[in-house]
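Notes follow once the structure below has been shown.
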Amino acid sequence: MQKKYKENYLKPYATKSINSKGRIYKEPENSIRSPYQRDRDRIIHSSSFRRLKHKTQVFVNTEGDHYRTRLTHSMEVSQIARTLSRSLGLNEDLSETLSLSHDLGHTPFGHAGEEVLNQCMGKYGGFDHNIQTLRIVTSIENKYYKFCGLNLTIETLDGLIKHNGPVKNLVQYKTILKKDLFSNKIVFNAFPSLEAQVAAISDDIAYNNHDLEDGLRAGLFTIKKISSITYVSKLINKHVKNIKNFRREIIINQIVRDLINLMVLDVINTTNKNLKRSNPQLINDIYKQDRLIVDFSDKMKMIDKQIKDFLKRNMYNHKKVVVNTNRGKRIINDLFKYLSKNSRKHISKDLFKNEQKERVIADFIAGMTDRYAINLYKKVK
């Protein structure tokens, strides 16, 4: 029997628990928590989520306690997503779940680690952190008697699969996942729910702004340098006059705070315009759209691109960051080579029963924290 949860406040086109397609493996419903609240709680209590605490966002975890990690980033994405979902009348629990889980599949050393692991796995289907997230929640996390994985709802799986929009490379998904778990319940080439779109754009807002903050804190660039971002200069100049009266950290915080607020309000206004234009009546109307509904305005897209370009030039390609990036790449590459010859010394033999050896090694490396990878590398090099 389908339980009714307090979701009357949701818009007709929002994702509602009563309309859920359920889970891969049937389970009795909970009398207190909705299906998406249970998904969120399963993510939070997973070991993969805990390990995000020691995984690189931009700066390697050992560089300082004040920089973002994958865990703090995921929490900040979740906060922005909850604000957007609440304002738009969407399912806050589902957006929160997707935000907290979207980076579970990341390797140590951020995108640099993913790049190298993908190269190492080139002959075996490659590596993609979004697909790895699916592997984690459908098989690697193992906490239950009756099934492997976390047995999340189809709606959560759909949102994770389509974090970057409709799936274009279904062959890679099937190659890496090794099984069709979804029983035709997910339309891969359709757009995801609005809650998933909220999680994706919240990710964009969070990492752009917080990378700016971390870059300023690390001294990779100055407040004056950020003023070169055309559309952001007016906002920054509003705070520059306070430099003599307040600590630099407070000025930085106010700039980032205002920029996040500017982006959030833009998304709300743009999304409401898109909803009025497309006039969806039910959630199925969302899936049938030919473009994103939760989006930035054209002007904000320009600002977003300018920030990304600025960060690429002044942060991601900064020599201090590049040195650690290259070190991380070398560690991942050497560990893969080492484990290819010595896997049984470090990985349970049971994991190799139904899996390709190289995929098990990739799972093992992807699950490492920065600290664990560095320590293992020192032991075996």
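Any read-out appearing in this document is the output of simple, stated calculations on the displayed coordinates, not a laboratory observation. Values in this document were obtained by computation on a predicted structure and should not be read as measured data. Note that we place each Cβ from the backbone using ideal geometry, even for glycine, and neighbour counts take in every protein chain shown.
Across the chain, where is the longest run that never hits chymotrypsin sites (Phe, Trp or Tyr not before Pro) in a DSSP loop with at most 16 other C-beta atoms within 10 Å? Answer from the scan: 247-381. Once C-alpha pairs closer than 8 Å and six or more residues apart are averaged by separation and normalised to the residue number of the chain, the relative contact order reads 22 percent.
When the listed pairs Lys6/Lys276; Lys241/Lys319; Lys349/Lys378; Lys6/Lys146; Lys123/Lys357 are checked against a 21 Å cut-off, the alpha-carbon distance exceeds it for Lys6/Lys276; Lys241/Lys319; Lys349/Lys378; Lys6/Lys146. Taking 14 Å as the straight-line reach from the Cα of Lys174, the aspartates and glutamates in range (excluding those fewer than 8 positions away in the same chain) are Asp128, Glu355.
Other residues whose C-beta falls under 12 angstrom from the C-beta of Asn164 contribute a net charge of -1, scoring Lys and Arg +1 and Asp and Glu -1. Estimated purely from DSSP H runs of n ≥ 4, each contributing -39500 (n - 2.57), the mean residue ellipticity at 222 nm for the chain is -17000 deg cm²/dmol once divided by its residues.
Report the trypsin sites (Lys or Arg not before Pro) located in segment 196-297 that are in a DSSP loop and have at most 10 other Cβ atoms inside 10 Å of their Cβ, or state none.
Loop-located and lightly packed - Lys241, Lys244, Arg247, Arg291.
Straight distance only, please: which lysines reach the Cα of Lys301 with their own Cα at less than 19 Å, same-chain residues fewer than 8 apart left out? In chain and number order, the partners are Lys234, Lys273, Lys312.
Name the shape class, rounded, prolate or oblate, that the alpha-carbon gyration tensor gives for segment 215-307, where a ≥ b ≥ c are the square roots of its eigenvalues, rounded holds for a/c under 1.5, and otherwise prolate holds if a/b is larger than b/c and oblate otherwise. The shape class here is prolate. Bridgeable lysines around Lys379 (alpha carbons under 16 Å apart, same-chain partners fewer than 8 residues away excluded): Lys337, Lys341, Lys345.
Of the residues His45, His318, His163, which exhibits the maximal mean-square fluctuation in a Gaussian network model of the chain defined by a 10 Å Cα contact cut-off? Ranking His45, His318, His163 by mean-square fluctuation puts His45 first.
Across Asn314, Asn245, Asn342, mean-square fluctuation computed from a Gaussian network of the chain (C-alpha pairs under 10 Å connected) peaks at Asn245. Considering only Met302, Val360, Asn333, and ranking their Cα positions along the charge dipole of segment 266-377 that arises from unit charges at the beta-carbon of Lys, Arg, Asp and Glu, the one farthest toward the positive end is Asn333.
Farthest toward the positive end of the dipole of segment 159-222, out of Ala199, Ile161, Leu212, is the Cα of Ile161, where the dipole comes from beta carbon charges about the Cα centre. Within the shell defined by Cβ-Cβ distances under 12 Å, the residues around Met368 carry a net charge of +1, with Lys and Arg each +1 and Asp and Glu each -1.
Between the listed residues Ser46, Val171, Gln57, the Cα displaced farthest toward the positive end of the dipole of the chain, a dipole computed from Cβ unit charges relative to the Cα centre, is found at Gln57.
Entry note, segment 29-174: relative contact order of 21 percent, from Cα contacts under 8 Å with a spacing of 6+ residues. Shape of the chain from the C-alpha gyration tensor: oblate (a/c of 1.5 or more and a/b not above b/c, with a ≥ b ≥ c the square roots of its eigenvalues).
Once a ≥ b ≥ c are taken as the square roots of the eigenvalues of the Cα gyration tensor of segment 75-159, is the result rounded (a/c under 1.5), prolate (a/b larger than b/c) or oblate (a/b not larger than b/c)? Oblate.
With q set to 0.12, 0.19, 0.21 Å⁻¹, the log10 of I(q)/I(0) for segment 239-381, from the Debye formula over equal scatterers at the Cα positions, is -0.88, -1.04, -1.18.
Taking every C-alpha pair closer than 8 Å and separated by at least 6 residues, the mean separation divided by the residue count of segment 272-381 gives a relative contact order of 22 percent.
Using only side-chain charges placed at the Cβ, +1 for Lys and Arg and -1 for Asp and Glu, the dipole size of the chain relative to its Cα centre rounds to 860 debye.
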